[in-house]
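Engineer: To start, I am sharing the structure in question, which I have written as structure tokens.
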Amino acid sequence: MKVLVIGGGAREHALCRSLSQDPAVTELHCAPGNAGIAQVATVHPVDQLDGAEVTALARRLAADLVVIGPEAPLVAGVAEPLRAASFPVFGPSAEAARLEGSKAFAKDVMAGAGVPTARSYVCTTAEEAAKALDAFGAPYVVKDDGLAAGKGVVVTSDRAAALAHAASCGQVVIEEYLDGPEVSLFAITDGTTVLPLVPAQDFKRALDGDEGPNTGGMGAYSPLPWAPEGLVEEVLRTVLQPTVDELRHRGTPFSGLLYAGLALTSRGTRVIEFNARFGDPETQVVLARLRTPLAGVLLAAAQGTLAELEPLRWDEGAAVTVVIASEGYPAAPRTGDPIEGLAEAEADGSVHVLHAGTRADEDGRVLSAGGRVLSVTATGRDLAEARTRAYQGVGRITLKGAHHRTDIALKAAQQ
Ligand code: AMP
Ligand code: GLY
């Protein structure tokens, strides 16, 4: 099977790594990729938002499966010309990807499907925003309606700051504050059958102890030893299946990866957000635990035959990933600095370094090229072992001014 992956972050590196280990995959391509992906796939410098260019590449490669990683090409509708040209595509249509692209649309789908989520108002004016903030009280939650790379949400007890964020966004969703731990649960779906993966937890804040600004994600781990028994079955029944059914009934079936960001509140499980693609950095730990070869699963989703698949097999152990971010991330990331120690970090075979924002220079040196630069992932018999190994890997890498959290999976590993 010839597989083409669209994207160029740590999530796509994780996908390419898994696909490269699948004996069914005879050729692996990625566009645009990055310096790390280039080690496991042939990379192609195409504009991932240009559906015609991506389709031309798929044609040239005679791809048997195209996997679209990031939200931007999905929301831009890159899946459509590919499907029109008869390529099996893993990833939803632009219409279905609105589940991620518009928070207001996601709320509407959840209301239609009876999916539990925070009560909310869609607001476009300062007056509406003020009214909504006062209706819920502090802490305030204000979300940019559109895509914002994980930075569109402000949670604050400062009413003026909440109002200022609303004013800077245009249309916002203002919602009640959800307490309780967060869980990311991914499901692969063909629009009818829904196959949940194993739950993971992401660390969204930049600094230890969940301090500092929101980021795209600073680390993740799986499994969640503290999660209630039956959580996956409950979320499948109350969230994932009803959402997939609702979108199918609306005539916009969702096929690809449905990501439920959940809060386990004192009043029950609530959806914080949906995404229309694999999450980053959770994918790094979820795929590190997947034993079933990946290509066949993604192809079955693309072809509508998930119901015929054997149950997924998982490693009983644990995986932890720690993100190394560049100086100044998330506000003003510095790029262009050399990265050393990549091979040394992988000396222990249970550690692999996934590239997020990197590029190779003319001499083949790897340079930082984004805010989140690397995602150092390790497996182990349990979280404590995976965590120790991941941080050993992190310790072997040097990048000027870089920072990472030191408490990824710490609490969970102590349980
Ligand atoms: P989102 O982009 O919707 O996932 O939001 C980013 C982060 O903001 C989430 O992971 C939560 O930590 C936080 N957040 C979002 N919505 C809420 C809410 N209703 N209550 C509390 N925290 C929230
Ligand atoms: N881990 C957060 C996200 O992928 O949106």
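The values are calculated or read from the model by the stated rules, or taken from the named source; none is laboratory data. Every value quoted in this text rests on a predicted model; they were computed, and no experiment measured them. Neighbour counts are summed over all protein chains in view; Cβ atoms, including those assigned to glycine, are modelled from backbone coordinates with ideal geometry. Only protein heavy atoms, including side chains, enter the accessible area calculation; ligands, DNA and RNA are left aside. Shrake-Rupley method; radii C 1.70, N 1.55, O 1.52, S 1.80 Å.
Engineer: What whole number of Å gives the distance from the Cα centroid of segment 84-143 to the Cα centroid of segment 205-222?
Structural biologist: 23 Å
Engineer: Right, next: In whole Hz, what ³J(HN,Hα) sequence does segment 256-270 give by Karplus (6.51, -1.76, 1.60; θ = phi - 60°), x for Gly and Pro?
Structural biologist: x, 10, 9, 10, 9, x, 10, 10, 8, 8, 5, 9, x, 6, 10
Engineer: Counting every Cα pair in segment 283-367, what percent are over 20 Å apart?
Structural biologist: 56 percent
Engineer: Follow-up question, since we're still on this one. Taking a probe of 1.4 angstrom, what is the accessible area of residue 157 in Å², to the nearest 10?
Structural biologist: 80 Å²
Engineer: Considering only protein heavy atoms, what is the solvent-accessible area of residue 2 at a probe of 1.4 Å, reported in Å² to the nearest 10?
Structural biologist: Residue 2 exposes around 60 Å² with every protein chain in place.
Engineer: State in Å² the accessible area per residue of the chain; use a 1.4 Å probe, count heavy atoms of protein chains only, and round to the nearest integer.
Structural biologist: It amounts to 39 Å² per residue over the chain.
Engineer: Something else about it: What is the ratio of the Cα radius of gyration of segment 78-192 to 2.2 N^0.38 Å, where N is its residue count, to two decimals? Write out the running numbers ahead of the final one.
Structural biologist: Working: Rg = 16.5 Å, N = 115, 2.2 N^0.38 = 13.4 Å.
Working it through for segment 78-192, the quotient is 1.24.
Engineer: Another question, then. Order 64-77, 190-203, 240-253 from most to least packed using the mean count of other Cβ atoms within 10 Å.
Structural biologist: 64-77, 190-203, 240-253
Engineer: Turning to a different aspect of this structure: For segment 48-61, in order, what is each residue's ³J(HN,Hα) by Karplus, 6.51 cos²θ - 1.76 cosθ + 1.60 with θ = phi - 60°, in whole Hz (x at glycine and Pro)?
Structural biologist: Each residue's phi maps through the Karplus curve to give 5, 8, 9, x, 5, 5, 5, 5, 4, 5, 4, 5, 4, 8 Hz.
Engineer: Along each of its three principal axes, how wide is the spread of alpha-carbon positions in the chain, in whole angstrom units, largest first?
Structural biologist: Largest first, the chain extends 57, 47, 41 Å along its Cα principal axes.
Engineer: May I ask you to give the percent of accessible area on the chain that is carbon plus sulfur, with a probe radius of 1.4 Å?
Structural biologist: With neighbouring chains kept in place, the figure for the chain is 50 percent.
Engineer: Next question, about the same structure. Using θ = phi - 60° and the Karplus curve 6.51 cos²θ - 1.76 cosθ + 1.60, what whole-Hz ³J(HN,Hα) does each residue of segment 131-147 get, with Gly and Pro shown as x?
Structural biologist: Listing the rounded values in order: 5, 5, 4, 6, 5, 8, x, 7, x, 8, 10, 10, 10, 4, 5, x, 5 Hz.
Engineer: List every residue whose amide H lies under 5 Å from the amide H of residue 292, counting only residues 5 or more places away in sequence or on a different chain, with H placed 1.01 Å from N in the peptide plane.
Structural biologist: Placed amide hydrogens put 313 under 5 Å from residue 292.
Engineer: How large is log10 I(q)/I(0) at q = 0.17, 0.19 Å⁻¹ when the Debye formula is applied to the Cα atoms of segment 126-276, each weighted equally and without solvent?
Structural biologist: -1.10, -1.26
Engineer: How would you rank 296-307, 215-226, highest first, on the average number of other Cβ atoms within 10 Å across their residues?
Structural biologist: By packing density, highest mean first, the sequence is 215-226, 296-307.
Engineer: Hey, can you rank 5-18, 128-141 by average C-beta count inside 10 Å, highest first?
Structural biologist: 5-18, 128-141
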